[in-house]
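What follows draws every value from the coordinates through simple rules; no lab data is involved. None of these values were measured; they are calculated from a predicted model. We place every Cβ from the backbone using ideal geometry, glycine too, and count neighbours over all the protein chains shown.
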């Protein structure tokens with residue numbers, strides 16, 4: 001019976017189903033209760049397995065004197081079933097191979113669409129900050145130091161910046177002019193960054209923007225009623241925001 005069990009396993013039978021089939025085949029047509037007693041298994045479990053066999057074509061069911069009898073197909077029929085399924089898979093495989101160009105075309109179209117992820121609350125924004133460090137690429141950003149909540153400020157100073165420095169991820173930031181922004185520039189060398197300041201009337205930032213990785217842009221809002229972030233992963237969006245940053249940076253250098 002070892003060869004039969006191996007065939008059953010290849011057809012997807014579980015160990016329990018193999019036992020039910022083997023005993024049913026030896027006993028011939030029997031009610032589920034008889035098979036269950038022989039196997040010392042739960043009658044309901046055996047009944048469910050035999051009904052499943054019937055639905056898949058591995059067994060037949062008939063009623064005799066009001067009792068359901070089950071009769072499994074022979075091993076030869078199982079082999080025929082396996083060969084038939086093998087042919088069906090060959091046909092399906094060939095059909096799938098013909099469809100691959102269509103799937104690839106759809107995939108390319110999907111990859112061209114921006115991938116957008118939304119984050120809410122303090123923990124969500126921390127997750128975005130952490131994402132900016134992946135890959136180790138320099139971070140470009142428009143920063144709003146006036147609006148950062150205390151909980152995030154503590155995380156930024158005590159967790160995020162030390163992690164960024166440890167990974168040697170540099171950043172270049174543009175800030176709206178303020179006393180706090182002026183103080184911010186004094187720590188540039190210590191924190192592996194370069195800060196540029198633009199007049200507040202020209203750049204009244206209401207959200208923070210981080211341009212990072214090879215194709216990611218994060219837009220972060222810091223207000224009591226609006227504490228969330230959006231990350232857009234798209235090369236075109238990334239290149240556009242990076243161009244805007246570089247333009248603003250060139251103006252800030254002249255000032």
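Numbers below:
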quantity: Count of region 38-57 residues which are surrounded by fewer than 14 Cβ atoms within 10 Å (Cβ to Cβ) and part of a helix (DSSP H, G or I); calculated: 5
quantity: Filter result (in contact (Cβ under 8 Å) with a residue 40 or more places away in the chain and closer than 14 Å to residue 29 by Cα) within region 47-84; calculated: 69, 70, 71, 72, 74
quantity: Single condition residue 124 does not satisfy, out of (1) touching a strand residue (DSSP E or B) at 6+ places or on another chain (Cβ under 7 Å); (2) buried (at least 18 other Cβ atoms within 10 Å of the Cβ); (3) farther than 21 Å from residue 246 by Cα; calculated: (2)
quantity: All positions within region 195-218 that are touching a strand residue (DSSP E or B) at 6+ places or on another chain (Cβ under 8 Å) and surrounded by fewer than 16 Cβ atoms within 10 Å (Cβ to Cβ); calculated: 199, 200, 204, 206
quantity: Matching residues in region 203-223 - criterion: being more than 14 Å from residue 141 (Cβ to Cβ) and in contact (Cβ under 8 Å) with a residue 40 or more places away in the chain; calculated: 206, 214, 223
